[in-house]
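Chemist: Input: one structure, supplied below.
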Amino acid sequence: ITVGVQTRDADSAQAAAANAEKINTVLQAVKALGVAEKDIQTENYQLNTQYDYQKQPPVLVGYEVTNTVRITVRKIGDAG
């Protein structure tokens, strides 16, 4: 199973901090369901700039952080 969290903020550090908080909440819930640490792996982490291209020249409006993790579910009946 692949799950992810995406956050946006005008400040890159704030976007990263909010994303870390949200993905940690997801990971805690997954672990509480019995998924082992070895079965959770970061698949993708990105920090991208967001621009308003309607303005010329384009204006930086913020940052977007995406964090995706792959979770191996060994008991397929638990996947739902």
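Chemist: Given the criterion within 13 Å of the chain's Cα centre (by Cα), modelled with pLDDT of 95 or more, among the polar types (S, T, N, Q) and open to solvent by less than 50 Å² (accessible area, probe 1.4 Å), identify the matching residue among Asn19, Asn44.
Modeler: Asn19
Chemist: Pick from Thr72, Thr25, Thr2, Thr49: which is in contact with a Leu (Cβ under 7 Å, 6 or more places away or on another chain) and open to solvent by 40 Å² or more (accessible area, probe 1.4 Å)?
Modeler: Result of the check over Thr72, Thr25, Thr2, Thr49: Thr49.
Chemist: Can you confirm whether the range 58-69 contains a residue that is small (Gly, Ala, Ser) and surrounded by fewer than 15 Cβ atoms within 10 Å (Cβ to Cβ)?
Modeler: For the range 58-69, residues small (Gly, Ala, Ser) and surrounded by fewer than 15 Cβ atoms within 10 Å (Cβ to Cβ): absent.
Chemist: Need pairs with beta-carbon distance below 8 Å; first residue in contact (Cβ under 8 Å) with a residue 24 or more places away in the chain and aromatic (Phe, Trp, Tyr) and within the range 61-75, second open to solvent by 20 Å² or more (accessible area, probe 1.4 Å) and assigned to a strand (DSSP E or B); sequence gap 6+ or separate chains.
Modeler: If the second residue must be open to solvent by 20 Å² or more (accessible area, probe 1.4 Å) and assigned to a strand (DSSP E or B), the pairs left are Tyr63/Arg8; Tyr63/Asp9; Tyr63/Leu47; Tyr63/Asn48; Tyr63/Thr49; Tyr63/Gln50.
Chemist: Here's another thing I want to ask about it. Given the conditions (1) open to solvent by less than 50 Å² (accessible area, probe 1.4 Å); (2) out of contact with any helix residue (DSSP H, G or I) (no Cβ under 6 Å at 6 or more places or on another chain), report the number of the one that Thr7 does not fulfil.
Modeler: Among (1) open to solvent by less than 50 Å² (accessible area, probe 1.4 Å); (2) out of contact with any helix residue (DSSP H, G or I) (no Cβ under 6 Å at 6 or more places or on another chain), the lone unmet condition for Thr7 is (2).
Chemist: Return yes when Gly4 is at positive phi, at pLDDT 95 or above and within 17 Å of the chain's Cα centre (by Cα) and no when it is not.
Modeler: In short, no.
Chemist: How many of the residues making up the range 21-63 are over 21 Å from Gly77 (Cα atoms), assigned to a loop (DSSP other than H, G, I, E, B) and small (Gly, Ala, Ser)?
Modeler: Summing the residues that are over 21 Å from Gly77 (Cα atoms), assigned to a loop (DSSP other than H, G, I, E, B) and small (Gly, Ala, Ser) in the range 21-63 gives 0.
The values are calculated or read from the model by the stated rules, or taken from the named source; none is laboratory data. Just so you know, these numbers come straight off a predicted model, no measurement behind them. Please note: Cβ atoms are built from the backbone with ideal geometry, for glycine as well, and neighbour counts cover all protein chains shown. Areas reflect the complete protein model, heavy atoms only, side chains present, ligands, DNA and RNA absent. Shrake-Rupley method; radii C 1.70, N 1.55, O 1.52, S 1.80 Å.
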